[in-house]
Amino acid sequence: MYAKTLLIFLVAVTLFTTCRKDETGDATAGPTYLEQHRPQLHFSPPTQWMNDPNGMVFFDNEYHLFYQYYPDSTVWGPMHWGHAISKDLAHWEHLPVGIAPDEKGYIFSGSAVVDWDNTSGFSDDGEPPLVAIFTYHDPEGEKSGAIDFQSQAIAYSNDRGRTWTKYENNPVVPNPGIRDFRDPKVIWDSDNRQWIMVLAAQDKVMFYASKDLKKWNYLSQFGKNRGAHGGVWECPDLFPVTISETGGRKWVLLVSINPGGPNGGSATQYFIGEFDGQRFRLDQEFGAEMARQARKDTSNVAACWVDYGRDNYAGVTWSDIPQEDGRRIFMGWMSNWDYAQVVPTQLWRSAMTLPRQFQVKSTAMGPRLAQFFPQELQNIRGEKKEITINTSPGTTHDLGVDPQKLEIILEAATDATGSFGFELLNTKGEVYRIGYSADMQAYFSDRTKAGNHDFSEKFAQEIHYAPKQLEGVLITMHLVLDVSSAELIADDGLTAITDIFFPTEDFTTIRFFTNEGVAVQRLDVYPLEGVW
Ligand code: FRU
């Protein structure tokens with residue numbers, strides 16, 4: 001009897017100490033995923049520093065997510081590839097570090113592919129190997145003032161990405177004398193039966209081709225005088241997309257840029273065009289559209305942006321999603337180099353965005369990138385609440401739901417005036433607002449009064465706007481709220497805002513507001529289940 005009581009006591013103490021909400025931020029405690037500000041729907045590392053998503057590849061029913069990771073600190077340092085997998089794009093299992101730095105340097109961002117035909121010869125058992133393509137960043141070279149300290153290298157795995165062997169003849173693409181020369185993304189070009197690598201080279205991207213992933217030939221470059229150039233180009237991606245309206249195919253080129261984003265700091269621009277196995281050429285209509293955006297955009301930059309928020313950077317898409325599925329799925333790093341290293345989380349730093357499905361839509365303004373939350377998000381939905389609200393001027397309407405993990409779908413008539421949207425509140429008087437401003441003809445996200453922002457003067461300077469892309473169509477908002485972030489996909493996928501925030505006490509109330517009145521035609525709300 002005594003032994004049984006003691007056992008119950010010990011179990012209770014263990015549970016209490018391991019599951020307690022870590023309000024103190026004690027970095028020696030293990031992760032509980034209940035820490036203050038910890039995302040409940042988004043991927044974040046158990047502890048320590050994370051930046052870009054890397055090596056995203058689907059193989060054997062697993063979505064692999066590698067990520068820039070420093071296992072010894074909550075600030076950036078010698079980069080490793082951390083590793084996690086998911087079977088449903090919602091729940092994640094953490095695995096040991098995938099690739100660690102060595103005498104050749106840190107392991108910077110890159111991609112991974114399934115080498116189905118064993119073109120590399122790395123297979124040891126007839127099964128296709130996974131091949132990772134990454135940048136070696138040599139910190140000693142950098143310190144010595146050299147400019148050729150970044151080069152491209154490969155590693156392979158024959159056990160479903162669990163362990164990796166670096167190729168003995170690395171690097172496979174030596175540095176040609178360019179200081180910023182990194183972030184290779186490799187795709188299989190089935191038209192020409194070759195591998196294509198696109199990488200960032202300071203103020204442009206460069207394309208290379210290979211038959212075996214080991215020997216690469218330079219093809220061409222793009223971007224010197226195209227798009228935004230407020231900072232260095234990083235983390236490109238190139239992929240074909242079928243346009244649903246026409247069945248035609250277009251190529252999308254993503255390029256992250258830091259700084260120089262539309263609302264400051266890091267952001268990702270996109271280009272739409274053709275790729276013929278050699279060269280990327282901008283679509284004519286899209287080029288005209290970029291110029292139109294330049295006139296409309298407050299930043300006056302001739303660029304189209306994946307996301308107008310401050311917190312969606314270095315995003316790329318998964319490789320090898322099966323043809324029967326056919327989707328192009330993207331994920332970004334939900335932070336910004338302007339303040340990523342000082343945000344007020346204790347045990348870990350940064351999360352990823354939710355996965356997003358990319359398409360190209362043919363619009364009145366030419367081809368445009370459109371994005372959606374993938375259908376997998378529906379698997380974590382709770383019961384739907386359809387809300388009918390009085391939307392006369394000056395209304396605020398408490399939605400009566402917990403804003404911590406919430407999905408909202410709203411449609412409103414285009415003739416709205418003033419501004420309307422949602423506000424999240426806590427008992428400390430802090431407020432986060434997200435919605436649409438008819439005066440600005442733009443969606444907006446306002447974290448200027450949303451809690452702690454003392455850690456960086458760049459964090460909460462101003463309201464972030466995303467211009468409405470199409471005139472005369474419904475105002476639509478698809479919004480996911482998760483403890484310390486908001487992801488808004490608006491305008492039927494044509495524009496997005498992703499922002500993080502740090503209320504000193506969790507937000508407990510969410511209200512709809514409108515100052516001049518608006519005809520809301522649909523307001524559906526789903527509580528979401530946490531994934532940890
Ligand atoms: C983008 C980036 C990449 C680089 C990595 C280093 O955020 O600067 O260009 O490979 O982070 O961690």
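The values are calculated or read from the model by the stated rules, or taken from the named source; none is laboratory data. Keep in mind the model is a prediction, meaning the values are calculated, not measured. No Cβ is skipped: glycine too gets one built from the backbone with ideal geometry, and neighbour counts run over all protein chains shown. Remember, those area values only see protein heavy atoms, side chains included, never the ligands or the DNA or RNA. Shrake-Rupley method; radii C 1.70, N 1.55, O 1.52, S 1.80 Å.
Within this structure, K104 passes the test of being within 16 Å of the ligand (Cβ to nearest atom) and not acidic (D, E).
Yes or no, residue by residue, for (1) open to solvent by less than 10 Å² (accessible area, probe 1.4 Å); (2) over 26 Å from L89 (Cα atoms); (3) touching a residue at least 60 places away in the same chain (Cβ under 8 Å); (4) not assigned by TED's automatic domain parsing to the domain that holds G366:
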residue	(1), (2), (3), (4)
L253	yes, no, no, no
N312	yes, no, yes, no
I321	no, no, yes, no
E324	no, no, no, no
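Among residues of the range 512-532 being polar (S, T, N, Q) and assigned to a strand (DSSP E or B), the one that is most open to solvent (accessible area, probe 1.4 Å) is Q521.
Checking each residue in the range 190-203 for being in contact with a Phe, Trp or Tyr (Cβ under 7 Å, 6 or more places away or on another chain) and either away from the ligand (no atom under 16 Å from the Cβ) or open to solvent by 40 Å² or more (accessible area, probe 1.4 Å) (or both) picks out W195, I196, Q202, D203. Checked against the criterion of being within 16 Å of the ligand (Cβ to nearest atom) and touching a strand residue (DSSP E or B) at 6+ places or on another chain (Cβ under 9 Å), the range 374-384 contains not a single residue that satisfies it. Of the residues screened, W333 is not one that is open to solvent by 30 Å² or more (accessible area, probe 1.4 Å), under 16 Å from the mean Cα position of the chain (by Cα) and within 16 Å of the ligand (Cβ to nearest atom). Of the residues making up the range 376-407, those that are in a loop (DSSP other than H, G, I, E, B) and charged (D, E, K, R) are E383, K384, D402.
Candidates K166, K143, K104: the one that is buried (at least 17 other Cβ atoms within 10 Å of the Cβ) and basic (K, R) is K166.
Going through the range 100-123 one residue at a time, which ones are assigned to a loop (DSSP other than H, G, I, E, B) and of a type outside the set (A, V, I, L, M)?
P101, E103, K104, D115, W116, D117, N118, T119, S120, G121, F122, S123, listed by residue number.
A single entry from A412, A416, A370, A450 fulfils the requirement of being open to solvent by 10 Å² or more (accessible area, probe 1.4 Å) and small (G, A, S): A416. Within the set D102, D125, the sole residue that is farther than 30 Å from K143 by Cα and in the same structural domain as K214 (by TED's automatic domain parsing) turns out to be D125. Among the residues examined, V186 does not qualify as within 14 Å of the ligand (Cβ to nearest atom), in contact (Cβ under 8 Å) with a residue 40 or more places away in the chain and assigned by TED's automatic domain parsing to the domain that holds W318. Kindly evaluate A112 against the criterion of being open to solvent by less than 40 Å² (accessible area, probe 1.4 Å), more than 16 Å from the ligand (Cβ to nearest atom) and touching a strand residue (DSSP E or B) at 6+ places or on another chain (Cβ under 6 Å). For A112, the condition - open to solvent by less than 40 Å² (accessible area, probe 1.4 Å), more than 16 Å from the ligand (Cβ to nearest atom) and touching a strand residue (DSSP E or B) at 6+ places or on another chain (Cβ under 6 Å) - is not met.
Answer yes if at least one residue in the range 271-290 is free of Cβ contacts under 8 Å to residues at least 60 places away in the same chain, more than 16 Å from the ligand (Cβ to nearest atom), surrounded by fewer than 16 Cβ atoms within 10 Å (Cβ to Cβ) and under 23 Å from H42 (Cβ atoms), and no otherwise. Taking every residue of the range 271-290 in turn, none turns out to be free of Cβ contacts under 8 Å to residues at least 60 places away in the same chain, more than 16 Å from the ligand (Cβ to nearest atom), surrounded by fewer than 16 Cβ atoms within 10 Å (Cβ to Cβ) and under 23 Å from H42 (Cβ atoms).
Selection of the range 221-236 for residues being hydrophobic (A, V, I, L, M, F, W, C) and not in a loop (DSSP other than H, G, I, E, B) yields F222, V232, W233, C235. On the basis of being surrounded by fewer than 21 Cβ atoms within 10 Å (Cβ to Cβ) and more than 20 Å from G429 (Cβ to Cβ), does E487 make the cut? Judged against the criteria, E487 is not a match. Within the range 31-51, residues that are on the phi > 0 side of the Ramachandran plot and within 16 Å of the ligand (Cβ to nearest atom) reach partners that are assigned to a loop (DSSP other than H, G, I, E, B) and open to solvent by 10 Å² or more (accessible area, probe 1.4 Å) with beta carbons closer than 8 Å, at six or more positions or on different chains, in the pairs Q48/P71; Q48/D72; Q48/S73; Q48/T74. The number of residues in the range 376-396 being crowded, with 16+ Cβ neighbours inside 10 Å, at pLDDT 95 or above and closer than 30 Å to N452 by Cα comes to 2.
Residues that are more than 15 Å from the chain's Cα centre (by Cα) and within 23 Å of L377 (Cα to Cα) within the range 483-505 comprise V483, S484, A490, D491, D492, G493, L494, F501, listed in sequence order. S445 passes every criterion in (1) more than 23 Å from W337 (Cα to Cα); (2) open to solvent by less than 10 Å² (accessible area, probe 1.4 Å) apart from (1).
Does at least one position in the range 423-436 carry a residue that is small (G, A, S), buried (at least 16 other Cβ atoms within 10 Å of the Cβ) and within 23 Å of the chain's Cα centre (by Cα)?
Yes, the conditions are met somewhere in the range 423-436.
Checking the stated criteria, L254 turns out to be modelled with pLDDT of 95 or more, within 16 Å of the ligand (Cβ to nearest atom) and either of a type in the set (V, I, T) or over 12 Å from V360 (Cβ atoms) (or both).
In the range 204-242, the residue that is farthest from the ligand (Cβ to nearest atom) out of those that are surrounded by fewer than 17 Cβ atoms within 10 Å (Cβ to Cβ) and over 22 Å from Y156 (Cα atoms) is T242. Taking the condition of being open to solvent by less than 10 Å² (accessible area, probe 1.4 Å) and within 13 Å of the ligand (Cβ to nearest atom), how many residues in the range 336-349 meet it? Residues in the range 336-349 being open to solvent by less than 10 Å² (accessible area, probe 1.4 Å) and within 13 Å of the ligand (Cβ to nearest atom): 2 in total. For the range 125-150, the tally of residues that are outside any loop (DSSP other than H, G, I, E, B), away from the ligand (no atom under 13 Å from the Cβ) and over 23 Å from the mean Cα position of the chain (by Cα) stands at 3.
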